[in-house]
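Taking it in order: structure first as structure tokens, then the write-up.
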Ligand code: ADP
Ligand code: MG
Ligand code: MG
């Protein structure tokens, strides 16, 4: 154990570099990612939706191939370089730039998009798409060690054999799910994760099943959760720079969720995970709920101690519950104990509810004016008055003086360096050794109705995540070669 922080030191038996690179790949990786013959893509070519935005902007591999196509055409080269330059420029948030970008896409989605679909670049896209849709089984992964334990099973560190990419695999034991009627919750978590593509929320890359488990393959977060960092590393609480960065990143994550009308509902230090570079992501979306645009829900959901007053009092609520949660989180990171509770104190439910609804929170000397002001604006009991709950949503939170030194554009582009980087040789959690394996519950049998649910759950690769993985691990650049003069080489046609 590390004497300073109590983290478990696994020394040299730690797993390979996180994004694996070529080092973590199987020696058979080229075979695993061999393009099918173009004639095998006929069905796909007929059924794929010919939507410019999806094919050429949203999907990372599609975007790359469309760009290669444009660059291969003298008349289109300039459009592409202009588009690139404008997107870089966009940081200025100028309306004119945005309009220009729209105009360019408008043009490219016309004739050029039609011609692209007749080119070998689009054929290649279909070939990648076929690889993306290959069935996913446990044989596609190497499994390393347990990272944590959840309600239905453990979370394991795993690695994709074909690319070397590291992920966290959250396993849900089928009989546990059935016994506790967790089907709807599991499916809800899967669907929400699949919909969200945010730098500040754990991403879903694959879903697959084994005989006993349903598996969610998620962004690997190897730096532990914030609860561990607040309480088990030195004095309780975190430095102001860390509080500021984590709060800003959670704020961005909440905004990405809210934009898709998803209310998270379970903000607390345990659910915020650190990656190896020291940035955080929101995780555990089991309680998140999708509402209609600007809509509200009812239901006492969340963890007592972090639930907003309007949630406790069984009213309808919207995103306000999450801004309250952010207030609780910033308070706890700063004070070194949860809001309305002394460290180690476990008040009765009633008492806790009473404090949340009526008590004014105390601020110790660790709170400078700007943090105190931010917390008290987020912890306003009346959701109508609370920061973040107005028409401008999270933008009002971002504009708070506490965040003056944060450049949100840079943060969203992943260009901000974190003030603290976890030591890659340490495992930031209490007792990994104590986590025992989940085994099936006796007396629960699985039948056809369960199969129906499994088939909704197990949909294989999530397109955007899969394409990012292929690009980030350099598999794209190594495999996507074309012959001289753009001819269809043996490599393309096999
Ligand atoms: P549950 O919904 O059952 O509570 P969680 O999603 O919270 O399950 O996962 C359980 C534990 O597994 C977490 O507390 C954390 O320690 C670990 N864990 C979960 N997701 C990841 C991840 N993406 N990377 C690393 N560890 C994770
Ligand atoms: Mg959890
Ligand atoms: Mg959960």
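Which residue out of 157, 168, 184, 162 is at pLDDT 95 or above and either within 16 Å of ligand 3 (Cβ to nearest atom) or within 24 Å of residue 270 (Cα to Cα) (or both)? Don't jump to the end; show me each part of the working.
Numbers: 157 fails: at pLDDT 95 or above; 184 fails: at pLDDT 95 or above; 162 fails: either within 16 Å of ligand 3 (Cβ to nearest atom) or within 24 Å of residue 270 (Cα to Cα) (or both).
Going through 157, 168, 184, 162 in turn, the sole match is 168.
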Worksheet, complete the sentence: Residue hits (region 291-321; under 24 Å from residue 396 (Cα atoms) and within 16 Å of ligand 3 (Cβ to nearest atom)) are 306, 307
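So is residue 257 away from ligand 2 (no atom under 16 Å from the Cβ) and surrounded by 19 or more Cβ atoms within 10 Å (Cβ to Cβ) or not?
Numbers: away from ligand 2 (no atom under 16 Å from the Cβ): yes; surrounded by 19 or more Cβ atoms within 10 Å (Cβ to Cβ): yes.
Criteria met by residue 257.
Of everything in region 209-228 that's out of contact with any helix residue (DSSP H, G or I) (no Cβ under 7 Å at 6 or more places or on another chain) and part of a strand (DSSP E or B), which residue is surrounded by the fewest Cβ atoms within 10 Å (Cβ to Cβ)?
Among residues in region 209-228 that are out of contact with any helix residue (DSSP H, G or I) (no Cβ under 7 Å at 6 or more places or on another chain) and part of a strand (DSSP E or B), the one surrounded by the fewest Cβ atoms within 10 Å (Cβ to Cβ) is 219.
Name the single residue that is farthest from the chain's Cα centre (by Cα) among those in region 286-310 being closer than 25 Å to residue 237 by Cα and at pLDDT 95 or above.
Of everything passing the filter in region 286-310, 309 is farthest from the chain's Cα centre (by Cα).
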Worksheet item: Among the candidates 251, 328, which residue alone is crowded, with 24+ Cβ neighbours inside 10 Å, more than 21 Å from the chain's Cα centre (by Cα), away from ligand 1 (no atom under 16 Å from the Cβ) and in contact (Cβ under 8 Å) with a residue 24 or more places away in the chain?
Response: 328
Worksheet item: Is it fair to say residue 66 is modelled with pLDDT of 95 or more, part of a helix (DSSP H, G or I) and surrounded by 18 or more Cβ atoms within 10 Å (Cβ to Cβ)?
Response: yes
Discussion item. List pairs: first residue in region 223-244 and without any contact (Cβ under 8 Å) to a residue 60 or more places away in the chain, second residue in a helix (DSSP H, G or I) anywhere in the structure, Cβ distance under 7 angstrom, at least six positions apart or on different chains.
Written reply: 227/269; 227/270
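The values are calculated or read from the model by the stated rules, or taken from the named source; none is laboratory data. The structure presented is a predicted model; accordingly, all values stated were derived computationally and were not measured. Cβ atoms come from the backbone with ideal geometry, glycine included; neighbour counts cover every protein chain shown.
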